[in-house]
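The values are calculated or read from the model by the stated rules, or taken from the named source; none is laboratory data. Just so it is clear, the structure is predicted and the values come from calculations on it, not from any experiment. All Cβ positions, glycine included, derive from the backbone under ideal geometry; neighbour counts span all protein chains shown. Calculation scope for accessible area: heavy atoms of the full protein, side chains included, ligands and nucleic acids excluded. Shrake-Rupley method; radii C 1.70, N 1.55, O 1.52, S 1.80 Å.
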Amino acid sequence: MGKRITVLGAGAWGTAFGQVLADAGNAVTMWAKEPEIVEGIRDHHHNGVRLPSVEKLPENMTATGDRAEAVKDADIIVVAIAAQFARVALVEFKDLIPGDAIVVSLMKGIERGTSKRMDEVVREALDLPADRFAAISGPNLSKEIADRQPAATVVACVNIDHARTVAEACTTSYFKAFVSTDVIGLEMCGSLKNVVALAVGMARGAGYGENTAAMIETRGLAELTALGQAAGADPKTFAGLAGVGDLIATCGSPLSRNYTFGSNLGKGLSVEEATKVSNGVAEGVPTTDAVVALGDELGVPTPLAYAMSRVLSEGLSCKEMLAQLFGGDITEE
């Protein structure tokens with residue numbers, strides 16, 4: 001028996017994940033602010049604005065622009081709103097959400113100004129207990145999942161049974177969900193890897209090859225793992241799908257906004273120019289300074305994030321960024 005699931009936010013990933021949930025046999029309602037997106041999904045089973053690659057979305061997927069109607073009977077509510085707007089958007093739902101619904105975040109990012117993870121933002125905005133919050137993260141490029149190419153993800157909740165409930169609701173023949181209780185680790189993987197993707201994109205854009213990319217990815221992962229561990233995460237999470245898995249997908253794909261943004265910087269564009277070309281700022285840009293701040297707070301060195309923050313604020317070249325990343329000392333790996 002499928003569940004009633006609502007997805008808040010009908011962007012590319014929200015819509016692709018909605019399709020996964022529908023394929024898994026659930027009744028899916030998409031909520032969106034934009035009337036043309038609502039109408040497209042509800043009347044034509046097509047999201048031409050955000051996910052035009054899918055010609056026809058499943059029949060058991062509909063849409064509404066009405067907040068109360070969207071969530072009133074939901075067993076599971078999935079949040080897929082841009083990370084920096086999540087808090088403002090969610091406050092409107094606070095008194096509408098059923099008291100037993102599990103709230104699931106698909107967002108990857110750290111809130112500007114507060115440096116809070118998305119689990120903290122969602123729980124604060126909705127006044128939600130920890131055992132009703134789950135996060136989903138993994139090597140999940142939305143366009144590939146929308147094409148129903150095989151992929152896997154991780155569902156984390158402090159209540160492992162709730163994690164399993166969500167995992168069952170999104171498991172299909174092509175999409176496999178694993179479960180974990182390490183919400184902090186999962187959240188940190190999902191947001192911090194974007195900083196590494198910016199750096200790898202930059203190296204690629206500057207014309208460097210595989211060795212350079214592998215070096216940045218591996219050292220970046222070591223940096224993220226140390227940060228995660230200091231924040232109370234399980235280092236194993238960083239070695240799994242949500243960590244190294246997501247890092248490989250994000251750093252190897254022109255489909256990734258962070259990679260593309262970095263690549264434009266590597267080609268010599270300024271941050272302003274790269275923002276114009278990529279139609280907005282990539283999530284890794286605000287996250288970079290948040291990582292540096294977190295490192296200072298936890299007493300963990302963050303050479304990659306620090307070098308990238310100087311790229312973004314001072315316009316360091318790729319060569320200078322790489323030189324700064326390694327300093328002059330010989331250290332143990």
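One table, with the values for the structure above:
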{"quantity": "Options 92, 36: the member that is of a type in the set (D, E, K, R), open to solvent by 10 Å² or more (accessible area, probe 1.4 Å) and without any contact (Cβ under 8 Å) to a residue 24 or more places away in the chain", "calculated": "36"}
{"quantity": "Residue match in region 113-120 (condition: among the acidic types (Asp, Glu) and outside any helix (DSSP H, G or I))", "calculated": "no"}
{"quantity": "Only one of 193, 176 that is assigned to a strand (DSSP E or B) and either open to solvent by less than 20 Å² (accessible area, probe 1.4 Å) or modelled with pLDDT of 95 or more (or both)", "calculated": "176"}
{"quantity": "Hits in region 131-140 - residues which are under 14 Å from residue 97 (Cα atoms) and either surrounded by fewer than 23 Cβ atoms within 10 Å (Cβ to Cβ) or of a type in the set (Asp, Glu) (or both)", "calculated": "132"}
{"quantity": "Condition met for residue 100 (open to solvent by 10 Å² or more (accessible area, probe 1.4 Å) and on the phi > 0 side of the Ramachandran plot)", "calculated": "no"}
{"quantity": "Whichever residue in region 241-255 is in contact with a helix residue (DSSP H, G or I) (Cβ under 7 Å, 6 or more places away or on another chain) and assigned to a loop (DSSP other than H, G, I, E, B) and, among such residues, is least open to solvent (accessible area, probe 1.4 Å)", "calculated": "253"}
{"quantity": "Residues (open to solvent by 10 Å² or more (accessible area, probe 1.4 Å) and closer than 20 Å to residue 193 by Cα) located in region 111-130", "calculated": "111, 112, 113, 114, 115, 116, 117, 119, 120"}
{"quantity": "Residue match in region 209-219 (condition: surrounded by fewer than 24 Cβ atoms within 10 Å (Cβ to Cβ) and more than 24 Å from residue 332 (Cα to Cα))", "calculated": "yes"}
{"quantity": "Verdict on residue 228 being under 15 Å from the mean Cα position of the chain (by Cα), crowded, with 17+ Cβ neighbours inside 10 Å, part of a helix (DSSP H, G or I) and of a type outside the set (A, V, I, L, M, F, W, C)", "calculated": "no"}
{"quantity": "Members of region 121-143 that are assigned to a strand (DSSP E or B) and among the β-branched types (Val, Ile, Thr)", "calculated": "136"}
{"quantity": "Out of 105, 53, sole residue that is out of contact with any Cys (no Cβ under 9 Å at 6 or more places or on another chain) and farther than 15 Å from residue 9 by Cβ", "calculated": "53"}
{"quantity": "Region 21-61: number of residues that are assigned to a strand (DSSP E or B) and closer than 22 Å to residue 168 by Cβ", "calculated": "5"}
{"quantity": "Count of region 144-168 residues which are in contact with a helix residue (DSSP H, G or I) (Cβ under 7 Å, 6 or more places away or on another chain), part of a helix (DSSP H, G or I) and open to solvent by 10 Å² or more (accessible area, probe 1.4 Å)", "calculated": "1"}
{"quantity": "Boolean, residue 252 is modelled with pLDDT under 95 and within 17 Å of residue 199 (Cβ to Cβ)", "calculated": "yes"}
{"quantity": "Residue satisfying condition, being open to solvent by 80 Å² or more (accessible area, probe 1.4 Å), among the charged types (D, E, K, R) and touching a Gly at 6+ places or on another chain (Cβ under 7 Å), within set 319, 236, 267, 276", "calculated": "267"}
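Yes/no per residue for (1) over 24 Å from the mean Cα position of the chain (by Cα); (2) of a type in the set (Val, Ile, Thr); (3) more than 28 Å from residue 285 (Cα to Cα); (4) buried (at least 21 other Cβ atoms within 10 Å of the Cβ):
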{"residue": "52", "(1), (2), (3), (4)": "no, no, no, no"}
{"residue": "60", "(1), (2), (3), (4)": "yes, no, yes, no"}
{"residue": "67", "(1), (2), (3), (4)": "no, no, yes, no"}
{"residue": "73", "(1), (2), (3), (4)": "yes, no, yes, no"}
